[in-house]
Amino acid sequence: MTGKVIDKTTQQPLEYATVVLKNLKTKTISGGITDAKGFFDIKTPQGTYDISFEFISFKSKKLPNQVLSVNKNFGTIILQEDLKSLDEVVIIAEKTTVDIRLDKKVFNIGKDLSIRGGNASDVLGNVPSVQVDVEGNVSLRGNENVTILIDGRPSALVGLNGADALRQIPAEAIEKVEVITSPSARYDAEGTAGILNIILRKNKLTGFNGSLQFDVGYPERYGAAFNANWRTEKWNLFTNTGFRYRAVPGNSFIDRKNLISGTENARIIEKRNFGRLGRNLFTSFGAEYYINDNSSVVGNIVYNIGNDDDVNTNNIERFDSSGILQNPSFRTENEAEDEKRIQYTLDYVNKFDDKGKKLTINLQYSTEVEDILNNINEFNTQTNNLNDLEKVIEDQDENRFLLQADYIHSVGENIQYEAGYRGNYRDIFNSFFLEEAINKDANGNDIPITLNTPLVPDNNLNNSFNYKEFVNAAYFQYGQKFDKISLLAGLRYEYTSIEIEQQTSTSLDKKSYGNFFPTLNIGYEFRDGENITLGYNRRIRRPRGRFLNPFPSRSSESNIFSGNVDLNPVFTDALDIGYLRRWEKFTLSTSMYYNRSNDNWEFIQENTGDVTDNNDPVLRRFPVNLSLEQRLGFEFTLNYRPFKAWNINSDFNLFHVTTDGDYTNPTSGKFTDFSFENTAFFIRLNQKITLPSKIDLQINSNYRGASQAAQTSNKGIFSMNIAASKDIFNEKASISLNVSDVFNSRKRMSTLFIPGETDQYSEFQWRERQIRLSFVYRFNQKKKKIRQERDDDGGGEF
């Protein structure tokens, strides 16, 4: 039996509408659900049935005593909204659900207790195939070169520093996350690992409804969030607003042995404490106007401001070759950071008909400003003399403009053509200004430094850096569904123009290059709930931001990072084979993948030959185009519900990396072979249990296996989050308690070895254990399961 289910008011298809068949002879119940275009195709034995078509908040339509003896098309089934049930609809589903499509997996963010009161990093840390390390850096299948989109587009919300920016987006503002490991041609070719598309909430329920949330925590943490929408026949107004005040303590430890003969400080031990205090306001306000039944225009403004006051301390002990302590010091950094992001978006959507013909036009302009003032002083703890006095001023600005147009044309029910254009312009400006106290006079004699010593600019380091990038892209793709096979093939062309200008350079560096990026995704359905997919795509990784910026970081006087303005893009060919099987209580999703990257970046760490005022050798870390990298991996995701009160989710990722490359220092002429092989894995186990008195308990466990690179090796990391929640006030409100990193074990422990130069052990913990208490009140809602309304962010439905 086939047919289509639509909404009587909007004439739009209803996805996930349920078709229920009751065999009048055997009394058995069977059926199916509609797809993204409202179509159903259900196989059932011959017989006489009572058939009903159902959808949450709509009146059911019943067809009794239907004799099915041959194939039958029921045509278009029209359902009408049930106004009496609208107040029972909830915006957020009871649990996170997964929607598998040909070119991506969609994780609808449900009532995950462990992220309540958290941020976008916490959300991504719970998504299968995604890992978030101790510094907040996001990777996909162990590869950190992942592109993060907001609502299907590049965004200022993940701007200059993606890890920090993701911490500014409250978890409550996120509706779903799309994991796109084999992107089709409609997506940017940027990101060799794939794409993570974060969809923000834009509620579309009739009337006025929403939720209010309050959070407190330890270390000191306060927050509030308000999410609401108001929809009439012609208008939909929606907002997500949140405020956070939080202390985020962290720590690190470095034990470095200098192996160079004659080094004054043979061993250096650094113990750092990070005292971070952040204040953040995030608000998103939008309005959608329905021009007619088929077209609408949406305007949205996102405003994000933050103010951080950090006090970081570093206790440094130095030992000579005999193990005698000398020149111990205590370094303090008082860093104040102000940041502001604002983004304007205007979208036009025209669904010309219900046959799949659609045009979307998107305009987006955003700006981001970060101002950093860092006052640094260092005392000798034996003499109490002031060793160092510095002031660092950094300004980082980014402006971005985007124009995108996509057109989808369907031929019948099984063929779809799509074409589009995207123009993306970025202008990033950074300035670095360092003043420091001079500890020598004109004759080279040592002079004491005091807190009143005048500061002098360091002209060797002060610089400004301006990066401009313009990417023009056009694509075409073709999709078709056969009996059991789905095909989606496309070709994308991107032309990149780059300008780099530095204050310290008399020349303007220009680069331009054009590239084709083919994509192919094929799916074969063995039966309902079992399929296999094959995907191929070519990707690019463009250098930008801190990887190009030549300014050295000043977080440690003797360990610095700087960018490389000569860095070239990396091109990757990726192949992915996936298998999915659903049983009644068990779902298995697996894939094997292979990536081959040319001119891959490697991060070189070398002794610069310079020493600090305390005679500490200065190590510099920087990226270069160095190697051929091949990555072969396997992952699987399991979902098992042994009982109604117990739900288990687990994913496992194992990959093997082979790198072939070498590096010769242009100054010293030293040759280093950076070829290596490494096998690593990640495993995650999430359990949700309903206890007596309707208390929900959630336990999330993560383990990242040991790994190594050419110069470094990392130990395994285990962490666990536990959360509990209880509904109160007749299920209109919930209270939850969350403990993040229960054992305070989320700490990176690594070893660096440079033959003949350095043997270093280090530990780093960006965020120590956190405890959060959250209260959520829902108005004009009742807690009831519902499939979330599908947005079309990111293109067509193939």
Simple spin-label estimate for Ile260 and Phe214 in nanometres, 7 Å along Cα-Cβ: 5.8
Candidates [x] 43; [y] 35; [z] 30; which is the computed percent of Cα pairs over 44 Å apart? [z]
Amide H contacts under 5 Å for Ser321, restricted to residues at least 5 apart in sequence or on another chain and with H modeled in the peptide plane, are Ala266
Using +1 at the Cβ of each Lys and Arg and -1 at the Cβ of each Asp and Glu in the chain, identify which of Thr313, Leu508, Thr241 lies farthest towards the dipole's positive end. Thr241
If I model a spin label as a point 7 Å beyond the Cα along the Cα-Cβ vector, how far apart are those points for Asn466 and Leu24 in nm? 8.0
Take the alpha carbon gyration tensor of the stretch 173-331, find the square roots of its eigenvalues, order them as a ≥ b ≥ c, and report rounded if a/c is under 1.5; if not, report prolate when a/b exceeds b/c, else oblate. prolate
Once Lys and Arg are counted +1 and Asp and Glu -1 for all other residues with Cβ under 11 Å from that of Arg748, the total becomes +1
Please find the FRET efficiency linking Asn780 to Phe429, where r is the Cβ-Cβ separation and R0 is fixed at 41 Å, and quote it to the nearest 0.05. 0.35
With the crude spin-label approximation of a point 7 Å out along Cα→Cβ, what separation in nm comes out for Glu144 versus Leu237? 4.4
Given a Förster distance of 41 Å, the FRET efficiency implied by the Cβ-Cβ spacing of Gln12 and Val70, rounded to the nearest 0.05, works out to 0.85
Mean ellipticity per residue at 222 nm, deg cm²/dmol - from DSSP H runs of n ≥ 4 across the chain, formula -39500 (n - 2.57): 0 deg cm²/dmol
Would you be so kind as to identify which of Thr332, Tyr289, Ile269 lies farthest towards the positive end of the dipole of the chain, taking Lys and Arg as +1 and Asp and Glu as -1 on Cβ and the Cα centre as origin? Tyr289
Which ordering of Ser329, Ser750 is given by a fewest-first count of other beta-carbon atoms within 10 Å? Ser750, Ser329
Which residues qualify? For Asn462, with a placed amide H closer than 5 Å and at least 5 residues away or on another chain, they are Leu434
For the stretch 2-81, go through all pairs of different Cα atoms, get the mean of 1/r, take its inverse, and jot down that Kirkwood value in Å. 12.7
List residues of the stretch 566-604, by number, whose backbone nitrogen lies under 19 Å from a label position 7 Å along Cα→C-beta of Gln630. 571-577, 592-602
Low-density loop trypsin sites (Lys or Arg not before Pro), the stretch 1-35, at most 10 other Cβ within 10 Å, DSSP non-H/G/I/E/B, are Lys25, Lys27
Determine the shape class of the stretch 547-592: with a ≥ b ≥ c the square roots of the Cα gyration tensor eigenvalues, call it rounded for a/c under 1.5, and otherwise prolate if a/b is greater than b/c, oblate otherwise. oblate
Using θ = phi - 60° and the Karplus form 6.51 cos²θ - 1.76 cosθ + 1.60, what ³J(HN,Hα) does each residue of the stretch 71-77 get, whole Hz, x for Gly and Pro? 4, 9, 9, 7, x, 9, 9
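Using a Förster distance of 22 Å, how high is the FRET efficiency between Leu685 and Asn137, based on the Cβ-Cβ distance and rounded to 0.05?
Here the calculated transfer efficiency is 0.50.
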Under 20 Å from the 7 Å Cα→Cβ point of Val411, by amide nitrogen: which residues of the stretch 492-510? 492
Karplus 3J(HN,Hα) series, Hz, for the stretch 601-614 with 6.51 cos²θ - 1.76 cosθ + 1.60 (x for Gly, Pro): 7, 10, 9, 8, 10, 9, 7, 6, x, 8, 10, 7, 4, 9
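We did not get these values from a lab; they are worked out from the coordinates using the rules stated. What you see is a predicted model; the values in this text were computed from it and never measured. Ideal geometry is used to build each Cβ from the backbone, glycine not excepted, and the neighbour counts take in all protein chains shown.
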